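The values are calculated or read from the model by the stated rules, or taken from the named source; none is laboratory data. It should be emphasised that the depicted structure is a prediction, and the values quoted were computed from it without experimental measurement. All Cβ positions, glycine included, derive from the backbone under ideal geometry; neighbour counts span all protein chains shown. These accessible areas exclude ligands, DNA and RNA; they are computed on the full protein's heavy atoms, side chains included. Shrake-Rupley method; radii C 1.70, N 1.55, O 1.52, S 1.80 Å.
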Amino acid sequence: MEVTDIGNKEEGKVWHRKPTPGKGVLVTVVRTAQQAKTVRFLHVAFDTTGDSFLAADHHGNIYVFDISRNRFRLVQKTGQACTALAFSLRRTTEFLVALADYTIKCFDKDTKQLVSWMRGHEGAVSSISVHSSGRYAITTSSDTAQLWDLDSFQRKRKLNIRQSVGIQRVFFLPLSNTILSCFSDDSIFAWESDTLFCKYQLPVPDCGPKISYKAFAVTRDGKRLVAGGRSNLLHLWCLDSKELVRVIQMPTQVRTVRQLEFLPDSFDGGASQTLGVLSQDGVMRFINIHTCKLLFHMGSHDSAITSVTVSPNGRHVVAIVDNGSISIYSVQSLTQEFNKPPPSKVAVVSDGDPSQELSNLKVKVRSEVVRRPPMSSGRTQVKILRPPAVSTADDKENELPAGLNKKRLVALLKAFGEYPAKYRMFVWRSLLCLPENHAAYSSLTDKGLHSAYLTLHDKYPIKSHKLQRGLQRALSALAHWAAIFGEVEYLPLVAFPFVKLFQNNPMLCFEVVATVIVNWCQHWFEYFPNPPLNILSMAENVLAHHDKELLQHLVDCGVTSQLYVWPLLETLFSEVLTRDEWLRLFDNIFSNHPSFLIMACVAYITCCREPLLLCSQKQDFEYFFHHRNNLDVGAMIKEAYRLLSSTPADIHPRTILSDFTPLTKGQYPVFNHYPEFIVEYQSREREKIRLQEMEYLRERQEVSALRADFVRRQAEEEAYYAQQELLQKAEEQRRNILAQEEEKLTQQRTKLAAMKRELKVKELQLLDATRRRFLKHQQDLRASQIQRLDQEISRKMDLRERETAAAVQDLEVRQMELEAQRKRLEQHLLKEQERMGQEVEEEVEMRMRRAERQEESYAELPHSTEKNMEILEESLAEACQLGLESDWQREVAECLQQVDAEQERKRERLAELQRQTLAEEERLADAVRDVAGKKWDEVMSTRVQLQEQHQAWSSAHTDGQRHTKTRSPGLIRGLPHRPSTTTAAHVGANGAGPSLKPSMAAPPRQAGTNMLCLNSSSPSGSTSTNFSLDRGRAQLDSSERELLKEIRELRQKLAARAREGSSASSQSVHTLSSVSQ
């Protein structure tokens, strides 16, 4: 046999020397990676021709092997292990691969490109079945099966099942549109692939053990189905008649069927007759399903086969061996012996070397009719493959499963003292003849944890959670098997050593413990709940016969067999022996009669004779039999054998204990060797106590909930009161802060009121002086420079209009800021302002008419006096106007608010001020002459600059005039005309200085030119009043000059203070408006 190591090669030859005809194995392919580590092959799939196949290893590499061309090559690297492989029949170069991440990918083996990627499974895909047309594929996992369209690679249907029933396999039947689905409950359904309509269900035998189907095979014509599982029975159905036609029993070496494959034949028309059966021992046996002859086999125990794939043409078989290699078999070479005439009815499987254990097995083929129960159809036949019955009765007694012999095992045990550790569990399983009833054990575990062992961890705490769950599961299964095992308190001590040994196989653990209980624990439960007095008496009788002195010492110390025998039995020596010693002891116990356990107890006592004779206290004996002691286990076992052989028959436990009886197959035996009344009574009491505990726990839970609710409410109440206290403190703190702020505000208001009073007095003084100065100056300049001042007056009018527009805008902004403070008085002020506006308009009209009459009367005065006064007034007004131009704009807004506040209160003083003005106007004229000379020099320097800006100002004059007229329509309405030879003078708001505005309607040569001055307007727009002074007054004395200087300084102080209190400014505007009226 040639071995080919492909290593990391991407292509090469499959074999380097042509295989010799007649050899079954053509070549064995292995793959070793770095450091000589073998990379295991997992799955194999043939194409439709049968000449090439795909192989995938657990690194995710997929190779294609062409047997006809003797070539292999690497076609894909998926990077992860695959779980299933299949070729796409329609497109021969494409193949499907299921990966470990639950996805299915389609690749092209020639281009090595990814064709499609299909997702949808939530578990590993175990099989892929492609329809004969190549259009559809079915992928199966443990929880679902999905139907895919291979043209669009879209999922068409999905098969969902209950969680309690798993899917074993779903596949297409050859040459039909039928889908066969097999479930874990051994039900088999047939579906129509187009409509997914259920066509039929195959019948499954009701009698006999449950097979638990795992493997399925269908002939190429799709007419016969074979199924096998956890048994050596095979069920053969005819799919045309939907009947079970035959039950085939494989040899006893076959305990579980892993895989079934039909071997195609070119001349059978698709009705294959040769069936390959791969069993748990790694050997694939090929039989004839009609004659039930064993034809040939593949594999051995040394090179066990894990899976097999048969080529569609039936020429080759590819097997994956347990070491990860691939063996390619030639079917023609395997069937040479079978095809030799004449055909023999007895097939002898010979084995010439120790590597093949089937050599000595003779399989006799005979047909037997199995009588079925009356309820089943009586046409099913059973074919049994059995070895010939040529052994003697003694050999039958010593024959064990898996080909072992008890005599040889006992001889081996006596020679070495124990079984090999590597094979100990296997030997134990054979000695105890474990039935491996999977279905019966599943029915016990499906009942869940027994109520008696729900709190096992409290009484027997174990550090390993896995070991704790395994012990709990095993004890629960025993309690469900027999009711007494839910009441036996020492059962965890008996089962724990076996649970620890078989923790990876819970079913074997249960069967071992059950076998120990049935055989080595005979008569233990007859005196339940007391210890087995009969067994203890037998041990005491044996001890009395062999060592009367020791027994007498124990009796003298008041120690009974319940103290020195029962601790050893209830723990099965697990407390007094180490692991290795315990395993060695039970190698001998399982290999002998059940009475050997009692002899071992007596042997332990006699071997510890010296220390026991030294003990006199009962506590010492208790400690001795519950802890490990210095003991030679080999000597103890020899002593047990001596006691077993030398004990008289009348007191020998063999006379009372039965021989070893294994558990029955299919179902576990009924165990009722105990007082049922006591057990039932204890069960009822235990259930009553459990219900009471549940009620107590429920009430305690309710009390805990009430207590928690009370604590929560108490905490919430405390938090509420604490929060209220904090809120109260915060409220008091806020009140104190508010009181302090109110006190500060009161002080500020007091200071502001004092400032208001001071401002009012100084404003009145400033306004009087300024008004007289401006009016006198205007009267002096009117006569002499009327022509020259037309343009200058126009320029100044434009400038004043722009400034007025800006002032109006500032007033609007200020009005918006003060609107919140004036909302309370807004309605009252509006009404009052409307009334005052009407009165002012009426008064203005009356004064305008009076002024016209005065102008007519003054027109006759000498022109010289008029000219001099006009020159002086105009010169002084122009100088002051240019000097105070910047302050006037800011003061207008402040004065407008002050006029509104003081309007009503100062109205009565208007007449008195007018009379005083007439007397003081004479003094003002003299002061104006002196001031005009000084101011005129300063003004002449700025006239040049003003004339240059005149052109820019005149361009903005039109827009400013229009804006001023729209924003303050009542502003010009409060500017009356004076007589022709006089100048109209208006005192600016807040003492900001005189403002002169010549009328644009008066011609240059007109003697009675009117001077219009823009007056401040209140927010209502109608609270301004203007008046004029007569020309030709007497000159003011020199004290007036000092007054003007004080007025300038006072104006600067007033402007700074006016910004601090806007509310005081509003009152000052009212006062000034009243004075003007």
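Below are the figures for this structure:
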read-out: Low-density loop cleavage sites - GluC sites (Glu not before Pro) in region 467-523, where at most 12 other Cβ are within 10 Å (DSSP); value: 489
read-out: Carbon plus sulfur fraction of accessible area for region 17-170, probe 1.4 Å, in percent; value: 45 percent
read-out: Area accessible to solvent at residue 584, 1.4 Å probe radius, in Å²; value: 80 Å²
read-out: Mean separation of Cα contacts under 8 Å, 6 or more apart, over the residue count of region 1-134: relative contact order %; value: 17 percent
read-out: Length released on extending from residue 241 to residue 922, taking residue separation times 0.36 nm less the Cα-Cα span; value: 230.5 nm
read-out: Residues listed by number, region 52-88, amide nitrogen under 12 Å from residue 101 label point at 7 Å toward C-beta; value: 78-81
read-out: Efficiency of FRET from Cβ geometry, residue 445 and residue 273, R₀ 51 Å, rounded to 0.05; value: 0.80
read-out: Estimated distance in nm for a label pair at residue 688 and residue 740, the labels positioned 7 Å out from Cα along Cα-to-Cβ; value: 7.8 nm
read-out: Whole-number percent relative contact order across region 17-81, with pairs defined as alpha carbons under 8 Å at least 6 apart; value: 19 percent
read-out: Cα gyration tensor shape of region 70-203, rounded if a/c is under 1.5, else prolate or oblate by comparing a/b with b/c; value: prolate
read-out: Simple label model, 7 Å out from Cα along Cβ direction - residue 701 to residue 149, nm; value: 5.2 nm
read-out: Inter-label distance for residue 457 and residue 930, nm, one decimal - labels placed 7 Å from Cα along Cα-to-Cβ; value: 11.5 nm
read-out: FRET efficiency, 1/(1 + (r/R0)^6) with R0 56 Å, evaluated for residue 335 and residue 93 via beta carbons; value: 0.95
read-out: Accessible heavy-atom area order of 207, 292, 238, highest first, probe of 1.4 Å; value: 207, 238, 292
read-out: Sequence-separation-based contact order of region 410-554, relative, with Cα cut under 8 Å and 6+ spacing, percent; value: 18 percent
read-out: Segment residue 627-residue 23, length gained on full extension (0.36 nm per residue, minus Cα span); value: 211.1 nm
read-out: Region 182-302: C-alpha gyration tensor shape, a/c 1.5 cut-off, then a/b vs b/c; value: oblate
read-out: Within region 758-786, backbone nitrogen closer than 16 Å to the virtual label 7 Å beyond the Cα of residue 942 toward Cβ; value: 774
read-out: Segment residue 301-residue 619, length gained on full extension (0.36 nm per residue, minus Cα span); value: 108.9 nm
read-out: Amide H contacts under 5 Å for residue 223, placed H, 5+ residues apart; value: none
read-out: Computed E for residue 132/residue 69 - FRET, C-beta separation, R0 41 angstrom, nearest 0.05; value: 0.95
read-out: Solvent exposure, largest accessible area first (probe 1.4 Å, DNA, RNA and ligands not counted), of 604, 460; value: 460, 604
read-out: Accessible area per residue in Å² at 1.4 Å probe, computed on region 613-755; value: 79 Å²
read-out: Restricting region 246-321 to trypsin sites (Lys or Arg not before Pro) in coil, as DSSP defines it, with at most 11 other Cβ within 10 Å; value: none
read-out: Region 268-325-region 423-446 distance, computed between alpha-carbon centres (Å); value: 27 Å
